[in-house]
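Written below as structure tokens is the structure these notes are about.
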Amino acid sequence: MHSAVEQELTQEKDEVRQRIFEKSFELFLRYGFAKTRMEEIARTLRISRKTLYKHFANKHELLKEVMTDKHLRIHGRIEGIFQDPEKSIKEKIAAMRGCLSSEIPHGMNEFLREIRDQAPDIWKQIQSLKEKNINRTMRKMIETGIKNGEIRSEVNPDIVLLIHSAASEAMFDPNFLAQTPYSIRDLVQELDNIIFYGIVKRDDI
């Protein structure tokens, strides 16, 4: 059992880590992962480099933790939307789209392209977490919608998620991101609009 002092120290450590996550993400988006130095992150946060390195051994580890934290926060919000008993499937789809849109800031195209090129192991981890968590929630939403009659009964959840995953993967291709004039936010919104509104019962559209 943790003492009050131990709990306070743990909370303080978590708060420091969260500040680091938020500021690092902001700097990565603004200057790029490669050009952002640990010293710059520490200076911006007004903490010592020693404090920063106490939490993260290097910039690669920091990026991994930042992206994992980002994903878990998004998934937590999406899971909360799915569990809301007051919302219809159409309302949940709209809320999920709004959630994803709000979590995709300006500059995300270049940032994601850089991660895929320079940190492929982290990129694979992000994709794996997405398959494990967000796709699982989407599957539950589709199955629930079919069961309660809001989604067409002939819809195959496996095929819907395969199409969504394949389209998402294509959108994040570095060559595609370099050529498209649209932001990741616009692309994600339109993809979800096409796929998820397309499975809702016709008389509900």
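So the values come out like this:
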| item | result |
| --- | --- |
| Flag for Asp158 being outside the structural domain of Glu26 (by the TED database), at pLDDT 90 or above, within 15 Å of Ile195 (Cα to Cα) and charged (D, E, K, R) | yes |
| Residue check for Glu169: in a helix (DSSP H, G or I) and farther than 22 Å from Val66 by Cβ | no |
| Residue match in region 122-144 (condition: in a helix (DSSP H, G or I), modelled with pLDDT under 85, within 19 Å of Arg97 (Cα to Cα) and among the acidic types (Asp, Glu)) | yes |
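The values are calculated or read from the model by the stated rules, or taken from the named source; none is laboratory data. Since the model is a prediction, treat every value here as computed from it, not as a measurement. Here Cβ is always computed from backbone atoms with ideal geometry, including for glycine, and neighbour counts include all displayed protein chains.
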